[in-house]
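Here is the structure we will look at.
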Amino acid sequence: MIVIDQSNRVFTLHTRNTTYQMKADRHNVLLHTWYGPRICGGDLSYLVRYADRACAPNPEEAGTDRTYSLNTLPQEYSTCGVGDFRLPSIELELPSGSHTCDLRYAGYELHQGKYALEGLPAFFGGEPDAQTLVITLEDAAAQVAVELYYGVFEAFDLITRAVRVVNRGCEAVRLRQCASLCLDFLRSDLDLITFNGCHLMERCPDRAALRLGVQGAGSVRGTSSHQHNPFVILCDHNANEDYGLCYGAMLLYSGNFQVQTERSQYDNARLVMGIHPYQFCWTLEPGQSFTAPEAALVCSPSGFGQMSRQLHRAIREHLIHDPLEGGRRPVLINNWEATYFDFTADKLVEIAQTAAPLGIELFVMDDGWFGKRDDDNAGLGDWSVNLEKLPGGIQAIAGRVEHLGMKFGLWIEPEMVNEDSDLYRAHPDWVFRVPGRSPARGRNQLVLDFSRQDVRDHIYGQIKQVLSSAGISYVKWDMNRSLTDVWSAALPAQRQGEVYHRYVLGVYDMLSRMLRDFPGLFIEGCCGGGGRFDAGMLYYTPQIWCSDNTDAIDRLRIQYGTSFCYPVSTMGAHVSAVPNESNGRITPLETRGVVAMSGTFGYEMDLSKCTQEERETIRKQTAFFKEHYDLIQRGDYYRLSDPFQNGPYTAWEQVSPDGSEALVSLVTGPAIAAPSFLTLHLKGLDPNACYQINGQGSYPGDLLMQAGYPLPLFCGDYQSLQLYLSAI
Ligand code: DGJ
């Protein structure tokens with residue numbers, strides 16, 4: 001609910017459990033006055049204190065009042081070069097050469113329903129779900145307007161933000177920075193949690209108290225990256241899963257991003273998040289506008305668990321476009337770790353034949369089906385089927401798979417090209433390449449200039465033809481290198497600062513076209529594993545391959561870190577063969593199943609090599625997953641332990657929204673002799689209900705949560721346990 005006190009110019013955004021407030025003050029500066037637990041309202045600007053701080057400049061309107069300074073006041077959207085020395089949200093380059101920006105309140109609009117952003121991903125919601133507030137700020141001297149968009153999803157404690165900058169003058173203005181989110185706090189005793197990693201080990205949480213100065217994360221790789229994720233948490237020093245105030249902030253963007261926090265001189269804190277200013281410069285001709293990607297905030301007054309559950313629900317219900325319209329997604333088998341590039345149609349069909357009777361419903365043909373693609377040195381860019389490997393083309397292999405009662409899916413990597421390809425030989429100028437330099441290779445491939453419409457049209461035409469040629473219900477859209485040598489032959493020198501962002505817009509455009517032309521198509525995102533796992537991609541691709549690391553034990557950490565923002569239903573997770581390809585570890589098949597079914601669930605191994613006993617285990621796993629699909633994929637998620645603590649086990653739990661059923665999953669670490677007796681405390685149950693566990697007994701919910709469940713003694717490394725609870 002948005003409440004506007006017009007006479008005091010106070011804007012209050014209430015969600016079910018939180019309140020956010022801004023106020024246009026006497027000098028028309030938009031102050032940020034509150035974000036935290038829900039309060040009744042009123043004017044929170046009494047919290048803002050004024051003092052004559054040396055070296056804190058005073059704007060002209062303040063006259064001789066030396067207590068009024070932009071440098072000490074909590075700003076809603078911080079400016080640049082006019083008296084606030086903390087992190088800026090915006091930087092302009094004006095015709096005069098000045099880089100300043102000074103913003104004053106100019107008006108507001110209130111709308112029912114959620115705003116949308118053209119060409120950019122955004123949470124969606126109609127009238128009953130969301131409201132929109134647009135506050136306009138103006139820089140009168142620069143003749144630039146900055147519109148701040150707020151989407152309020154009351155039931156989800158979610159507040160979205162976006163920013164549109166309009167050049168209202170009659171000369172070009174250049175935008176050097178345009179953050180999506182600025183959030184000031186009248187306190188600085190906060191911890192910052194970022195999610196970091198590398199290929200094979202993505203999204204590991206890292207927590208530290210804010211120190212004086214600037215801390216943050218970001219990416220200049222052209223993707224959101226394995227290295228850092230565009231999601232961070234700011235929280236009380238003592239916040240944990242169940243306790244303490246915390247703020248989750250995400251950026252719905254899949255390219256270069258920057259998130260910075262600053263603990264300032266006077267113990268205030270600021271969070272700024274948006275497109276990375278690195279090599280960013282956008283020219284706005286008179287009348288033109290620029291829209292920064294959406295950011296979203298969830299505040300939880302009661303710990304990380306509640307924050308994650310709100311984010312998960314909001315992402316599932318108001319961000320993801322589900323082509324299956326709530327239907328169950330098929331359990332899949334992917335041939336990558338089974339065959340790599342070395343396959344024939346018969347080999348693939350053999351894997352599918354073994355998979356079908358085990359309850360697996362979708363066969364995904366991974367890399368290697370097109371062009372001269374026998375290894376990763378050739379073929380990218382030539383999206384026509386390799387008839388030597390696949391006689392009869394896609395139609396024939398898809399038909400054989402469908403004949404087994406399975407659906408068929410296909411891997412593509414549209415953004416890339418190998419020098420050894422017909423496409424590159426015909427259009428060497430279509431790749432990112434700086435004049436006079438040879439571009440760096442990554443996985444021996446170059447990056448196509450997707451900022452260009454003609455390049456996108458060509459690639460899309462080829463891929464559309466393939467997708468139209470057979471019954472393809474699923475596409476895995478991969479992207480296997482970071483961007484370098486970013487320079488576009490299609491733009492003049494002074495607009496090269498637009499290329500990184502135009503590339504991302506190009507990727508979004510391609511995905512939108514594909515979804516428009518193939519409405520039932522399900523796209524899984526991928527980027528050398530989880531190198532582009534962000535809310536921007538989730539708008540187009542309801543699930544994303546979480547990591548190339550399929551080892552169940554490493555996955556406990558990767559999926560744990562990922563779960564702070566992203567729901568189980570978004571995390572691509574497969575059972576693969578042992579010893580694992582990434583780290584050589586051997587884990588039981590049962591354990592691999594338990595971990596993979598806490599994601600989107602599939603297999604990635606040559607099932608024809610499995611013993612009868614293993615096949616029986618797989619059959620039971622797929623049946624169990626299908627039976628409990630809704631609970632696993634849409635249940636409320638509880639982290640019961642932290643795998644980074646190296647405890648005796650990692651456990652997590654899904655609970656149905658009405659508390660009538662729950663699934664507890666647990667994986668142990670390396671075995672030790674003479675282990676202790678352990679008790680697991682469950683969460684989120686109905687305290688007044690009694691539950692059967694795996695069809696037996698009668699356990700009161702409050703006992704399972706307060707007194708706990710006694711775990712059996714485990715024997716052997718990396719054992720697993722699943723407890724299915726149903727209220728009786
Ligand atoms: C990287 C992906 O993450 C893998 O799953 C696989 O699709 C390979 N690329 C194929 O090249």
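When the pairs K114/K407; K407/K609; K114/K476; K407/K626; K626/K683; K347/K476 are compared against a 28 Å limit on Cα-Cα distance, K114/K407; K114/K476 fall above it. Between D717 and T64, the simple spin-label model (points 7 angstrom out along Cα→Cβ) gives 7.8 nm.
Each part reduced to its alpha carbon centroid, the stretch 648-679 and the stretch 116-156 end up 42 Å apart.
Over the chain, what number does the Rg to Rh ratio reach, with both radii from the alpha-carbon atoms and Rh per Kirkwood?
With Rg and the Kirkwood Rh in hand, the quotient comes to 0.98.
Other residues whose C-beta falls under 10 angstrom from the C-beta of A292 contribute a net charge of +1, scoring Lys and Arg +1 and Asp and Glu -1.
Each Cα pair under 8 Å and six or more residues apart adds its sequence gap; the mean of these over the residue count of the chain is a relative contact order of 10 percent.
A straight Cα-to-Cα reach below 16 Å connects K620 with the aspartates and glutamates E361, E590, residues fewer than 8 places away in its own chain not being considered. Extension gain for V48-R16 works out to 9.0 nm (0.36 nm per residue, less the C-alpha to C-alpha distance).
Normalising the average separation of contacting C-alpha pairs (under 8 angstrom, six or more residues apart) by the number of residues puts the relative contact order of the stretch 147-208 at 19 percent. Working note: Karplus 6.51/-1.76/1.60 with θ = phi - 60° gives the stretch 275-285 the couplings 4, 5, x, 4, 6, 9, 7, 10, 8, 10, 6 Hz, where Gly and Pro are set to x. Working note: Cα atoms of the stretch 1-137, range along each principal axis, descending, whole Å: 48, 38, 24.
So for R49, R309, R211, what's the accessible-area order with a 1.4 Å probe, most first?
Values: R49 195, R309 30, R211 155 Å².
Putting R49, R309, R211 in descending order of accessible area: R49, R211, R309.
Sorted from longest to shortest, the spans of the Cα atoms of the stretch 329-372 along the three principal axes equal 33, 21, 15 Å. Here Q453 and E127 are evaluated by their C-beta separation; at R0 = 35 Å the FRET efficiency comes out at 0.50. Within the straight-line cut-off of under 16 Å between alpha carbons, the lysines reachable from K372 are K389, sequence neighbours fewer than 8 places apart in one chain being disregarded.
Classification of the stretch 169-219 by its C-alpha gyration tensor yields an oblate form. The axis ratio a/c (a ≥ b ≥ c) is 1.5 or more, and b/c is at least a/b. Put simply, the amide H of L158, placed in the peptide plane, has neighbours under 5 Å in F153, leaving out anything fewer than 5 places away on its chain. For K347 and S676, the FRET efficiency from 1/(1 + (r/R0)^6), where r spans their Cβ atoms and R0 equals 60 Å, is about 0.80. Evaluated with a Cβ-only charge set (Lys, Arg +1; Asp, Glu -1), the stretch 1-106 carries a dipole of roughly 460 debye about its Cα centre, given to the nearest 20. In this simple spin-label approximation, R207 and Y278 carry label points 7 Å from Cα along the Cα→Cβ vector, and these lie 2.8 nm apart.
Separation of the stretch 1-62 and the stretch 163-195, taken as the distance between their Cα centroids, equals 18 angstrom. Debye-formula intensities of the stretch 578-728, expressed as log10 I(q)/I(0) at q = 0.08, 0.15, 0.19 Å⁻¹, are -0.24, -0.84, -1.27 (one equal scatterer per alpha-carbon, no solvent). Less than 5 angstrom separates the built amide H of L284 from those of V173, R174, L175, all sequence-distant by 5 or more or on a different chain. Placing a pseudo-label 7 Å from each Cα along the Cα-to-Cβ vector at Q288 and M1 gives an inter-label distance of 4.4 nm. Fully extending the segment from R619 to R187 would add 150.1 nm, taking 0.36 nm per residue of separation and subtracting the current Cα-Cα distance.
Looking at the chain, the accessible area is 36 square angstrom per residue; that uses a 1.4 Å probe and ignores ligands, DNA and RNA.
Over the stretch 664-728, what is the relative contact order in whole percent, taking alpha-carbon pairs under 8 Å and six or more residues apart?
RCO, the stretch 664-728: 49 percent.
The dipole here belongs to the chain: it is taken about the Cα centre, uses +1 on the Cβ of Lys and Arg and -1 on the Cβ of Asp and Glu, and is about 400 debye.
The values are calculated or read from the model by the stated rules, or taken from the named source; none is laboratory data. Fair warning: this is a prediction, and the values are worked out from it, not measured in the lab. Reconstructed Cβ throughout: ideal geometry from the backbone, glycine too, with neighbour counts over all protein chains shown. Protein only, heavy atoms only, side chains kept; ligands, DNA and RNA dropped before computing areas. Shrake-Rupley method; radii C 1.70, N 1.55, O 1.52, S 1.80 Å.
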